[in-house]
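*Asks:* Starting off with a structure, shown below.
The values are calculated or read from the model by the stated rules, or taken from the named source; none is laboratory data. Because the structure is predicted, anything quoted here is derived from the model rather than measured. FYI the Cβ positions are ideal-geometry reconstructions off the backbone, even for glycines, and counts take in every protein chain you see.
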Amino acid sequence: MEATLDPVLQVIALLAIVVGSFFSLIGVLGFVRLPDVYTRLHAAGKVSVFGAALLALAAVAVGSLGLGKALVLIALLVIAGPAVSHALASAAYRTGVPMTNAMRDDLARRRGRSLPFAQPSDPSSDLPV
Amino acid sequence: MLAYLRLVLICLVLFLALTENAEPANIVLGLLIGVLVALVVRPAPDLLSIRRLPLVLFNLARYTLWLAVDIIRNGIRVARIVLDPKLPIRPGILAIQSEMKSELGIALNAHAITVTPGEQVVEIGEDGVLYTHCLDVVASAESAEAAQRTRRRLMEGIFR
């Protein structure tokens, strides 16, 4: 089975697996290391989608997944992923989950309140808030 | 009526791509699902005309390609931040002026920003301002205006 595979396809699959796994790993690592809800959503919600899309491409190159099916799946992932992370971030902001070390908050300014969040450590003050 | 037909066809193609099975029974099933979806969704008429379809598809492909490059570039940036032992994040919320006219345009604009690693729309103002949470608000504030101009130019090719 292995010997019948096109070497070009194998190289593509190998690259896609390595890069896709790398970005999935980054997503998990970011989720653990980053400090608050908003920053964690960056890692979990999007970098991981990128990883999953590449792994799906690898499955097309060497596995039995059809190209059309994979493209539809990737499109659905890419459309639904940002919608989910936006919904979570918006809900977190509305319920007042604090941002850690926020440097700037244009949304709070528009709503006519100063930085609404408790600032656990001193944000660098040389930036406009 | 035409809008309904178009939606049914799109659903059918999606269904056939997902099931990878072009038997008559499966096509009938896909049509039924398409009709069901169309009845629930109630598509707005005249979203785009058939005559402009090739141009719109071309612009859509160009937009998707630009978005893919943007995602990869920012993905690498975020990966570098996460892997850095010092974790050099400067989080904050930045207001980006969308200036798209239709609701669909603003939604697509918000999606384009959110799908890019390191930036994500938290709230949309009534005036179409996108309040965007950034991992590195200082760097994003510098590049946001130019990026938004490119995004708007590409998206206007799709909608008008």
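*Asks:* Run B:Ala107 past the list (1) crowded, with 23+ Cβ neighbours inside 10 Å; (2) without any contact (Cβ under 8 Å) to a residue 12 or more places away in the chain and report the number of the one that doesn't hold.
*Replies:* For B:Ala107, the exception is condition (1).
*Asks:* Can you tell me how many residues within region A:13-34 are charged (D, E, K, R) and either more than 11 Å from every other protein chain (Cβ to nearest Cβ) or touching a strand residue (DSSP E or B) at 6+ places or on another chain (Cβ under 8 Å) (or both)?
*Replies:* Result for region A:13-34: 0.
*Asks:* How many residues does region B:125-140 contain that are facing chain A (nearest Cβ under 9 Å) and surrounded by fewer than 20 Cβ atoms within 10 Å (Cβ to Cβ)?
*Replies:* Result for region B:125-140: 3.
*Asks:* Now for a different question. Would you please name the residue that is nearest to B:Ile93 (Cα to Cα), looking only at residues in region A:36-64 that are hydroxyl-bearing (Ser, Thr, Tyr) and without any contact (Cβ under 8 Å) to a residue 40 or more places away in the chain?
*Replies:* That would be A:Ser48.
*Asks:* From the set of residues in region A:65-86 that are small (Gly, Ala, Ser) and within 10 Å of chain B (Cβ to nearest Cβ), which is surrounded by the most Cβ atoms within 10 Å (Cβ to Cβ)?
*Replies:* Quick first cut of region A:65-86, residues small (Gly, Ala, Ser) only: A:66, A:68, A:70, A:75, A:80-81, A:83, A:85.
Subset that is within 10 Å of chain B (Cβ to nearest Cβ): A:66, A:68, A:70, A:75, A:81, A:83, A:85.
Values: A:Gly66: 15, A:Gly68: 16, A:Ala70: 19, A:Ala75: 14, A:Gly81: 21, A:Ala83: 15, A:Ser85: 24.
The residue in question is A:Ser85.
*Asks:* Continuing with this model, one more query. Could you give me the residue pairs with C-beta distances under 6 Å whose first residue belongs to region B:1-15 and is under 17 Å from A:Ala75 (Cβ atoms), whose second residue is outside any helix (DSSP H, G or I) wherever it lies, and which are 6+ apart or on separate chains?
*Replies:* B:Leu7/B:Pro43
*Asks:* Looking at region B:98-119, which of the residues that are acidic (Asp, Glu) and either part of a loop (DSSP other than H, G, I, E, B) or in contact with a strand residue (DSSP E or B) (Cβ under 9 Å, 6 or more places away or on another chain) (or both) is farthest from the other protein chains (Cβ to nearest Cβ)?
*Replies:* Step one: filter region B:98-119 for residues acidic (Asp, Glu), giving B:99, B:103, B:119.
Filter once more, keeping what is either part of a loop (DSSP other than H, G, I, E, B) or in contact with a strand residue (DSSP E or B) (Cβ under 9 Å, 6 or more places away or on another chain) (or both): B:99, B:119.
On the way: B:Glu99: 16, B:Glu119: 8 Å.
Ranking the qualifying residues of region B:98-119, first place goes to B:Glu99.
*Asks:* Next up: Against the condition more than 9 Å from every other protein chain (Cβ to nearest Cβ), β-branched (Val, Ile, Thr) and more than 14 Å from the chain's Cα centre (by Cα), how does A:Val37 come out, does it pass?
*Replies:* Taking the combined requirement at face value, the residue does not satisfy it.
*Asks:* I'd like to verify a number: residues in region B:79-97 that are in contact with a strand residue (DSSP E or B) (Cβ under 9 Å, 6 or more places away or on another chain) and either within 7 Å of chain A (Cβ to nearest Cβ) or surrounded by 16 or more Cβ atoms within 10 Å (Cβ to Cβ) (or both), how many? Give the derivation first.
*Replies:* Keep residues of region B:79-97 that are in contact with a strand residue (DSSP E or B) (Cβ under 9 Å, 6 or more places away or on another chain), which gives B:81, B:88-97.
Within this subset, residues satisfying the condition of being either within 7 Å of chain A (Cβ to nearest Cβ) or surrounded by 16 or more Cβ atoms within 10 Å (Cβ to Cβ) (or both) are B:81, B:89-96.
Residues meeting the conditions: 9.
*Asks:* For region B:16-32, name all the residues that are within 14 Å of chain A (Cβ to nearest Cβ) and either of a type in the set (A, V, I, L, M) or within 21 Å of the chain's Cα centre (by Cα) (or both).
*Replies:* Correct list: B:Leu16, B:Ala17, B:Leu18, B:Ala22.
*Asks:* Follow-up question, since we're still on this one. In region B:92-135, which residue that is at pLDDT 85 or above and acidic (Asp, Glu) is farthest from A:Gly51 (Cα to Cα)?
*Replies:* Step by step, filter region B:92-135, then rank; the result is B:Glu123.
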